[in-house]
1. Considering the zone a paramagnetic label at ALA68 would reach in this model (a point 7 Å from Cα along the Cα-to-Cβ line), which residues of region 1-33 have amide N under 13 Å from it?
2. Per DSSP helix of 4 or more residues, -39500 (n - 2.57); summed, then divided by the residues of the chain. What does that give at 222 nm, rounded to the nearest 500?
3. Helix 53-63 sits at what angle to the longest principal axis of the chain, using alpha carbons and giving 0 to 90 degrees rounded to 10?
4. Going by alpha carbons, how many degrees (0 to 90, nearest 10) lie between the helix axis of 20-34 and the longest principal axis of the chain?
5. Compute the Kirkwood hydrodynamic radius of region 9-63, taking the inverse of the mean of 1/r over all pairs of distinct Cα atoms, and give it in Å to one decimal.
6. Tell me which trypsin sites (Lys or Arg not before Pro) from the chain have a DSSP coil assignment and no more than 13 other beta carbons within 10 Å of their own.
7. Along Cα→Cβ, 7 Å out, is where each label goes; now give me the distance between the ones at ARG3 and ARG61 in nm to one decimal.
Amino acid sequence: MERVKIVSIRAIARKNNLNLVTVWKKFDWYASIYGDDPNYVIRGPDGRRYPTERFVEFLERVLGRKIAL
């Protein structure tokens, strides 16, 4: 089983000059598609959802441009 890395939505928005609210809305859409699959969305002990590196790939496809981590 490969290791899944959690990424920061705020860091993605800041490094790529994107609106934070837009990135959060894209993540909500992404999480509604993939549900609780641990390869795509990590559920924390407090119940919050955290994006994985696959969210960055999804964001690149949706926005049509390269996203830096």
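1. 12-18
2. -14500 deg cm²/dmol
3. Its long axis makes an angle of about 40 degrees.
4. That helix lies at roughly 40 degrees to the long axis.
5. Its Kirkwood hydrodynamic radius stands at 11.4 Å.
6. Those satisfying the criteria are ARG3, LYS5, ARG48, ARG65, LYS66.
7. Placing both labels 7 Å along Cα→Cβ, they lie 2.6 nm apart.
Quick note: the coordinates plus some simple rules give every number you see, no bench work behind them. Bear in mind that the values here come from a model prediction, so they are computed numbers and not experimental data. Cβ coordinates were reconstructed from backbone atoms using ideal geometry, including for glycine residues, and neighbour counts include every protein chain displayed.
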